[in-house]
Amino acid sequence: MTIAVEKVLYTARATANGGRDGKVATDDGKLDVLVVPPAEMGGSGNGTNPEQLFAAGYAACFHSALKVVARKARLAQDVMDGSTVTAEVGIGPINGGAGYGLEVALVVSLPGLDNAVAEDLVAKAHQVCPYSNATRGNINVDLKVA
């Protein structure tokens with residue numbers, strides 16, 4: 001099922017050259033990074049890679065989604081104090097090596113919250129987060145409450 005955006009609120013634009021061994025920059029100049037394959041994939045590892053950029057974006061977006069659902073649940077705003085989301089993005093071969101795929105684990109820490117409440121918030125955030133909506137049905141996303 002394709003998800004249609006009803007109204008675009010913001011558009012980010014980035015241009016890459018050189019692929020996994022090149023450069024990525026946004027049109028507003030706020031991001032300008034060297035991309036290099038990780039050592040595990042035969043590169044020098046002396047730069048960032050697309051999986052790190054994806055992990056950073058997903059972690060930040062999911063944390064914002066958690067704050068939204070916590071506010072809707074009328075939880076005190078200090079509940080989110082000290083909370084973190086760590087996104088682990090793995091890449092590897094699929095279809096017998098015919099291509100590559102991704103998998104994600106989101107590790108969420110909500111200190112001081114009952115585990116059942118934390119798991120409920122994480123499940124609800126997974127329905128709200130744009131990255132979760134974009135990946136749903138396409139890649140495995142494992143949700144973990146730490």
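The values are calculated or read from the model by the stated rules, or taken from the named source; none is laboratory data. Because the structure is predicted, anything quoted here is derived from the model rather than measured. No Cβ is skipped: glycine too gets one built from the backbone with ideal geometry, and neighbour counts run over all protein chains shown. Protein only, heavy atoms only, side chains kept; ligands, DNA and RNA dropped before computing areas. Shrake-Rupley method; radii C 1.70, N 1.55, O 1.52, S 1.80 Å.
Assorted remarks:
- Net charge contributed by nearby residues that have their C-beta within less than 14 Å of Leu34 (K/R +1, D/E -1): 0
- For the chain, the mean residue ellipticity at 222 nm estimated from helices alone is -9500 deg cm²/dmol, where every DSSP H run of n ≥ 4 contributes -39500 (n - 2.57) and the total is divided by all residues, rounded to the nearest 500.
- Segment 120-134 - phi-based ³J(HN,Hα) in whole Hz, Karplus 6.51/-1.76/1.60, Gly and Pro as x: 5, 4, 5, 4, 5, 5, 5, 7, 8, 4, x, 5, 4, 5, 6
- Apolar share of the accessible surface for segment 78-146: 49 percent from carbon plus sulfur atoms, 1.4 Å probe.
- Relative to the longest principal axis of the Cα atoms of the chain, helix 50-72 runs at roughly 10 degrees.
- Candidates Asn46, Asn95, Asn17, ranked by Gaussian network fluctuation over the chain, Cα under 10 Å, top entry: Asn95
- For segment 13-54, a crude dipole built from +1 on the beta carbon of Lys and Arg and -1 on the beta carbon of Asp and Glu, taken about the Cα centre, is about 60 debye to the nearest 20.
- The share of C-alpha pairs in the chain whose separation exceeds 20 Å stands at 57 percent.
- In the context of the full set of protein chains, residues of segment 31-146 present 56 Å² of accessible surface per residue (probe radius 1.4 Å, heavy atoms only).
- Cut-off 18 Å (backbone N to label point 7 Å along Cα→Cβ of Ala98), residues of segment 119-142: 138-139
- Alpha carbon centroid spacing (whole Å) that separates segment 1-64 from segment 89-107: 17
- Between Lys7 and Met41, the FRET efficiency from the beta-carbon distance, with R0 = 41 Å, is close to 0.60.
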